[in-house]
Amino acid sequence: MEPINTTDPRAAARARAYLGLGWPLALGHRHRPRQGCTCDRADCPVPGAHPVLEHGVRLAEDTVAALDQTPGASLIAFTEVMDAVLVPARIGMAAMVYLDREGPVPCLTYGEKVALLVLPATGRYAAVHQDVEVRTGPDGWIALPPSYGAAWDTPPWTEPTGTPRALRHGQDIGRELADAFRLARISGPHPQAGLRSRNPR
């Protein structure tokens, strides 16, 4: 893979990077300043960051160039080659501090939530609490940067080489999430207090 810049605002460049990982992609709804999501739902919970169609047309290498002509284009990856484990951001960041010691886990941030990416069909092993949501299989999806509100905390490749990161088993993630939830009950609303901070990219 070519070196990838996670701050590159061009949707086409991002799409090529994800396709290089073998991720199935489709276009998502767009966020319009002062107009909201193109789905036109006034109460849209994820404006500009959800699929247009659950089983929409998949993007291919020869069709991504047009993305740069679509202002606010968002990208959706279906969870066919990975599982996404969604948790409250404070829990996920607390778990990531310890997970990073054994090897970085691809992690997306969405405001008050984060998504940790694990091996396909293993996300269920990370469902250690009622606040864990697992998305898996062709019916599951995640919004990818440059989708509105989505950012990489830890990208799925190393920088600047672009070497793909190996995904971890959901059981590894589940152990650290369980500890983070346990600490949250003991220490209140900030289980990562005293731990190093992480800066989303």
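The values are calculated or read from the model by the stated rules, or taken from the named source; none is laboratory data. Since the model is a prediction, treat every value here as computed from it, not as a measurement. Neighbour counts are summed over all protein chains in view; Cβ atoms, including those assigned to glycine, are modelled from backbone coordinates with ideal geometry. Quick note on the areas: whole protein, heavy atoms, side chains included, nothing else; ligands and nucleic acids left out. Shrake-Rupley method; radii C 1.70, N 1.55, O 1.52, S 1.80 Å.
Looking at segment 94-115, which of its residues are under 14 Å from the mean Cα position of the chain (by Cα), open to solvent by less than 20 Å² (accessible area, probe 1.4 Å) and among the small types (Gly, Ala, Ser)? Answer for segment 94-115, where residues must be under 14 Å from the mean Cα position of the chain (by Cα), open to solvent by less than 20 Å² (accessible area, probe 1.4 Å) and among the small types (Gly, Ala, Ser): just ALA115.
Could we say that VAL85 is open to solvent by less than 20 Å² (accessible area, probe 1.4 Å) and in contact with a strand residue (DSSP E or B) (Cβ under 8 Å, 6 or more places away or on another chain) here?
Numbers: open to solvent by less than 20 Å² (accessible area, probe 1.4 Å): yes; in contact with a strand residue (DSSP E or B) (Cβ under 8 Å, 6 or more places away or on another chain): yes.
Criteria met by VAL85.
The strands (runs of 3 or more DSSP E) located wholly in segment 35-143 that include 3 or more residues which are modelled with pLDDT of 95 or more and within 11 Å of ILE173 (Cβ to Cβ) occupy 74-88, 113-118.
Residues that are over 16 Å from VAL132 (Cα atoms) and touching a helix residue (DSSP H, G or I) at 6+ places or on another chain (Cβ under 6 Å) occur at least once in segment 79-98.
For beta carbons closer than 8 Å, sequence separation of 6+ or different chains, a first residue in segment 26-54 that is under 20 Å from ARG14 (Cα atoms) and a second that is assigned to a strand (DSSP E or B) and at pLDDT below 85, the qualifying pairs are ALA26/ARG58.
Screening LEU195 against (1) open to solvent by 60 Å² or more (accessible area, probe 1.4 Å); (2) in contact with a helix residue (DSSP H, G or I) (Cβ under 8 Å, 6 or more places away or on another chain); (3) at pLDDT below 95; (4) not in a helix (DSSP H, G or I) leaves a single unmet condition, (1). Checked against the criterion of being closer than 25 Å to GLY123 by Cα, at pLDDT 90 or above and among the small types (Gly, Ala, Ser), the candidates GLY22, GLY28 yield just one match: GLY22. Checking each residue in segment 144-165 for being open to solvent by 20 Å² or more (accessible area, probe 1.4 Å), on the phi < 0 side of the Ramachandran plot and part of a loop (DSSP other than H, G, I, E, B) picks out PRO146, TYR148, THR158, GLU159, PRO160, THR161, THR163, ARG165. Only one entry in ASP139, ASP179, ASP131 is closer than 16 Å to THR79 by Cα, open to solvent by 50 Å² or more (accessible area, probe 1.4 Å) and more than 12 Å from the chain's Cα centre (by Cα), namely ASP139.
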